[in-house]
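The values are calculated or read from the model by the stated rules, or taken from the named source; none is laboratory data. None of these values were measured; they are calculated from a predicted model. Ideal geometry is used to build each Cβ from the backbone, glycine not excepted, and the neighbour counts take in all protein chains shown.
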Amino acid sequence: MAVSIALFDSKPYDKDFFDLANASGEFDIRYYPVRLGPDTLSLARGAQVVCAFVNDDLSAPVLEGLSALGVGLVALRCAGFNNVDLQSAYGKMHVVRVPAYSPHAVAEHAVSLLLALNRKAHKAFNRTREGNFTLNGLLGFDLHGKKAGIVGTGRIGRITAEILRGFGMEVLVSDPFPDTAWAEKFGLRYAELDELYSQTRVISLHCPLSPESRHMVNAQSIAKMKDGVILINTGRGALVDSRALIEGLKSGKIGGAGLDVYEEEDKYFFEDFSHSGIADDVLARLLTFPNVLVTAHQAFFTQEAMEAIAKTTLENIGLFLSGAQVPNEICYQCSSGDCARKSGGKCF
Ligand code: NAI
């Protein structure tokens, strides 16, 4: 009998790509449009695997509920895992993810937000459609020769840095684990965050959300930035204190913000609120600024990335069910040095 997977927060495009990756019918995938949470977890009854996305609730009570239903594996179809309580999962539930699908997709989206904001493409689009062909208010600046700052030089941050180097920008980068050989190869320089904040016209965030990085962009760090800085965030919403960002936009300190993520996005992103309106005053205020461009967590959303996500997720599940070690497994102990994987074993 085919292995049953309960796939939550399913959209039509998820079904398209997962059905394609599952053409052999190896898995019985049950698609649920609702998000995983305390009220919906019972839908996983009878499934061996739960497939979840960025805004599904994988807190301790939900994991306990899934475990009680006999679910042994949470297969994340995303890279980030800040929505999973790994400590609660440890010992009762395995967790796998898709660490990389298309870092190019996210990096290219970050750059497209920057280009659109700087050259006001979003305003020009509306203007010319109304027959207004004036240029007032559309002035941008050459990126060539300006300084950009990249926070986090993992897979996505590196590609973003390399693209911006290609524009002829001078790029400062920051990461607790610098790769100086890579930086030298591309003519980049590692710098402390304070220097990066104070020197660059464009700042793009590409680090994971953690207790340390939460609200790294706040009133204090914004005060250190150059006047008129363009801030791009395709990382995670809570890297930025949205209220401080609003103050920065109101004062003109922040010249533009390109946001693919928002700290309270789980209530809104991927859904249509065009008829009911937005109750979140912070998000609503952000959307009023002409120099803020919000996209709803779509940086990953390319053909290549969706194919890779579906393929890797099903490979992860297949490997797990075969009893083999899954290279893409993550656990509470993975980063602490105590995980059995360090010596070639499994997480637990
Ligand atoms: P990665 O794991 O390859 O790289 C992350 C880098 O950030 C690492 O080099 C790490 O040392 C560094 N880092 C950690 N804490 C830091 C800090 N406080 N300051 C500076 N650097 C720090 O991750 P990858 O694949 O590059 O993804 C980065 C983030 O992008 C993910 O954690 C995820 O939150 C986000 N993402 C967003 C997507 C979207 O559609 N908007 C899609 C995929 C990922």
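Of all the criteria given as (1) more than 16 Å from the ligand (Cβ to nearest atom); (2) out of contact with any Lys or Arg (no Cβ under 6 Å at 6 or more places or on another chain); (3) in contact (Cβ under 8 Å) with a residue 12 or more places away in the chain; (4) over 17 Å from L115 (Cβ atoms), the one not satisfied by F167 is (4). Checking the stated criteria, L314 turns out to be buried (at least 17 other Cβ atoms within 10 Å of the Cβ) and modelled with pLDDT of 95 or more. Among the residues of region 17-30, the one identified as surrounded by 12 or more Cβ atoms within 10 Å (Cβ to Cβ) and free of Cβ contacts under 8 Å to residues at least 12 places away in the same chain is D19. The combined condition, being within 29 Å of E108 (Cα to Cα), among the aromatic types (F, W, Y), surrounded by 15 or more Cβ atoms within 10 Å (Cβ to Cβ) and within 22 Å of the chain's Cα centre (by Cα), is not fulfilled by F273. Taken together, P12, P33, P38 contain a single residue that is out of contact with any Leu (no Cβ under 8 Å at 6 or more places or on another chain), free of Cβ contacts under 8 Å to residues at least 24 places away in the same chain, on the phi < 0 side of the Ramachandran plot and surrounded by fewer than 22 Cβ atoms within 10 Å (Cβ to Cβ), which is P12. Residue count for region 89-117, restricted to those that are in contact with a strand residue (DSSP E or B) (Cβ under 8 Å, 6 or more places away or on another chain), among the small types (G, A, S) and within 15 Å of the ligand (Cβ to nearest atom): 1.
For region 298-327, the set of residues classified as assigned to a helix (DSSP H, G or I), over 21 Å from the mean Cα position of the chain (by Cα) and of a type in the set (V, I, T) consists of I317 only. For region 143-177, enumerate the residues that are within 21 Å of V292 (Cβ to Cβ) and in a loop (DSSP other than H, G, I, E, B). If the condition is that a residue be within 21 Å of V292 (Cβ to Cβ) and in a loop (DSSP other than H, G, I, E, B), then L143, K146 are the ones that fit. Counting the residues of region 300-324 that are within 28 Å of G157 (Cβ to Cβ) and free of Cβ contacts under 8 Å to residues at least 24 places away in the same chain gives 2. Residues in region 219-229 that are in contact with a helix residue (DSSP H, G or I) (Cβ under 6 Å, 6 or more places away or on another chain) and either crowded, with 16+ Cβ neighbours inside 10 Å or within 22 Å of A107 (Cα to Cα) (or both): S221, I222, M225.
Checking region 135-150 against the condition returns a match, with at least one residue being charged (D, E, K, R) and more than 25 Å from L239 (Cα to Cα).
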